[in-house]
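Below is one structure, written out as structure tokens; the observations come after it.
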Amino acid sequence: MSYSTVISALGQAQMWGKAESIFRQTYDKRNLVLYNSMMAAYAKGYQWRKATELFNTIQRESLRPDLFSYSIIINAQCLANRWDAAMKLYQKMKSIGKIQPKAVTLTPLLKILPELDKEQANEILRDAQELRISPQRLKVIYQISDRNDFSGDEGSWDGAEWNDDSEEDSTRL
């Protein structure tokens, strides 16, 4: 069994202290997968500061964050209601050019869409549309999130742009 598997399992079991202990033992074996596993454990435990520290460490260690690194740290920021930080990370990821958003990256941002300003919300909706995530799926994502109203009564859904002129791709999300 790999260290990353153990760390992921401990994170899922909400045993962050044990996950940290295992992670500390891997100092000479660390790679991006191990960092991502520990960041995900922190994110699951609403420990966005520790997740952010690890994300910054990845970069200092000359490792290149991948799609999963960005998705995890964006999710951690969203869970902590740090919407501006989540959007800055998302925009940084997109500006790199080598990492394209996927549903795994957009899902936490879609959940906080009403908290974003109109320009940010429209950016996320455009990217979701490019990934062929249908409006119906957006509604499901939103309804299973902590938010409870998709109608526009809360947040900034009014004025959001969506063109549903393509067929739904049932293989995504």
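So for region 46-54 (the condition being of a type outside the set (A, V, I, L, M), within 18 Å of T5 (Cβ to Cβ), in a helix (DSSP H, G or I) and open to solvent by 20 Å² or more (accessible area, probe 1.4 Å)), does at least one residue qualify?
Within region 46-54, not a single residue is of a type outside the set (A, V, I, L, M), within 18 Å of T5 (Cβ to Cβ), in a helix (DSSP H, G or I) and open to solvent by 20 Å² or more (accessible area, probe 1.4 Å).
State which residue is surrounded by the most Cβ atoms within 10 Å (Cβ to Cβ) when the search covers only region 1-30 and only residues that are β-branched (V, I, T) and part of a helix (DSSP H, G or I).
My answer is I7.
Please enumerate the residues belonging to region 110-135 that are more than 23 Å from A40 (Cβ to Cβ), within 16 Å of the chain's Cα centre (by Cα) and part of a helix (DSSP H, G or I).
Listed by number, the residues that qualify are Q120, A121, E123, L125.
How many of the residues making up region 67-85 are over 20 Å from E130 (Cα atoms) and open to solvent by 20 Å² or more (accessible area, probe 1.4 Å)?
Selection size over region 67-85: 9.
Of all residues in region 86-109, which are farther than 17 Å from A76 by Cα and either open to solvent by 80 Å² or more (accessible area, probe 1.4 Å) or not in a loop (DSSP other than H, G, I, E, B) (or both)?
Once the filter is applied, which keeps residues that are farther than 17 Å from A76 by Cα and either open to solvent by 80 Å² or more (accessible area, probe 1.4 Å) or not in a loop (DSSP other than H, G, I, E, B) (or both), region 86-109 yields K94, S95, I96, K98, Q100.
Only residues that are of a type in the set (S, T, N, Q) and either outside any helix (DSSP H, G or I) or open to solvent by 50 Å² or more (accessible area, probe 1.4 Å) (or both): list them for region 31-45, please.
Listed by number, the list holds a single entry, N31.
The values are calculated or read from the model by the stated rules, or taken from the named source; none is laboratory data. These figures come from a predicted structure and were not determined experimentally. All Cβ positions, even for glycine, are placed from backbone atoms using ideal geometry, and neighbour counts span all protein chains on display. The accessibility values were calculated without ligands, DNA or RNA, using every heavy atom of the protein model including side chains. Shrake-Rupley method; radii C 1.70, N 1.55, O 1.52, S 1.80 Å.
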